[in-house]
1. Report, in listed order, any pair from Lys60/Lys134; Lys60/Lys179; Lys23/Lys81 with a Cα-Cα distance greater than 27 Å.
2. Mind telling me which of Ile187, Ile136, Ile119 comes out most flexible in a GNM of the chain, alpha-carbon contacts under 10 Å?
3. I need to check one value: relative contact order of the chain, counting alpha carbon pairs closer than 8 Å and at least 6 residues apart, in percent.
4. Please report the spacing between the Cα centers of the range 39-118 and the range 137-205 in Å, no decimals.
5. Rounded to the nearest 0.05, what FRET efficiency is calculated for Ser186 and Asp64 with R0 set to 35 Å and r the Cβ-Cβ distance?
6. When DSSP assigns beta bridges and you keep just the ones with both residues in the chain, what percent turn out antiparallel, to the nearest 5?
7. Taking the convex hull of the alpha carbon atoms in the chain, what volume per residue do you get, in Å³?
8. Anything in the chain that counts as a DSSP H helix reaching 20 Å or more along its axis (C-alpha) with Kyte-Doolittle mean of at least -1.0? List them, would you?
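The values are calculated or read from the model by the stated rules, or taken from the named source; none is laboratory data. Just so you know, these numbers come straight off a predicted model, no measurement behind them. Heads up, the Cβs are rebuilt from the backbone with ideal geometry, glycines too, and the neighbour counts pull from every protein chain shown. In case anyone asks, the SASA skips ligands and DNA or RNA and just uses the protein heavy atoms, side chains included. Shrake-Rupley method; radii C 1.70, N 1.55, O 1.52, S 1.80 Å.
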Amino acid sequence: MQYNIKQKVMLNIILFGPPGSGKGTQSENLIEKYGLNHISTGDILRAEIKNETELGKEAKGYIDAGKLVPDETVINMLAKKVDEGLGNNAKGFIFDGFPRTIPQAEALDDMMETKNLEIDCLLALEVGKEELVKRILNRGKTSGRSDDTDEGIIQQRVEEYENKTAPIADYYGKQGKLKTIKGEGSIEDTFDLLCDAIKQGVSSN
Ligand code: AMP
């Protein structure tokens, strides 16, 4: 945990893991407990698509194909949301679904540094591949998400995660900020593990 110029204590967490690992569900619980601003790049992109903005039109093709949206687009989008959150008297941030590539992680670290802030820890939810696909297909029955219903697209999303996103765990591991959490238990058990990891992450900084 660190102090910004105004001596405000902030907690900045990255909730990390493959699609279907429970990031969205656990974010909701963490926001409530810690009073954090939630920044989910997936949610922001879906809202842009719904509002038929230029950004939404650009993102839709990538999302529907199970591919990542280009770095520059999401990085610019994120910077705007962080500024809005700081204006909101944020107690901190929970980044959900960002960063998803090494260049995004580097951009996030740089951006935080310019604001005299820092990522406290990256909480990595671990869930096996079969369980992920099962969970996403199940979510697809009610989520209305076009990328949650087709098994081929889900596989593509998992592949993008393995190729481009998984290396981020190591990137933060080298900074001593990686906490891995078993994500196959109940929502409550996983939440308890996350809270324990946050306590450790904050006290070790
Ligand atoms: P999510 O809701 O986090 O599973 O994201 C859904 C989709 O939005 C992903 O499959 C990507 O196409 C896109 N997306 C969300 N966040 C990012 C990001 N940080 N970088 C690139 N694409 C993203």
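1. Working: Lys60/Lys134 24 Å; Lys60/Lys179 32 Å; Lys23/Lys81 19 Å.
Those over the limit are Lys60/Lys179.
2. Result: Ile187 has the largest fluctuation of those listed.
3. Working: 297 pairs, mean separation 63.0, N = 205.
Over the chain, the number comes to 31 percent.
4. 17 Å
5. So, using R0 = 35 Å, E works out to roughly 0.65.
6. 10 percent
7. Working: hull volume 23.5 nm³, N = 205.
Expressed per residue, the convex hull around the Cα atoms of the chain is 114 Å³.
8. 71-87, 187-203
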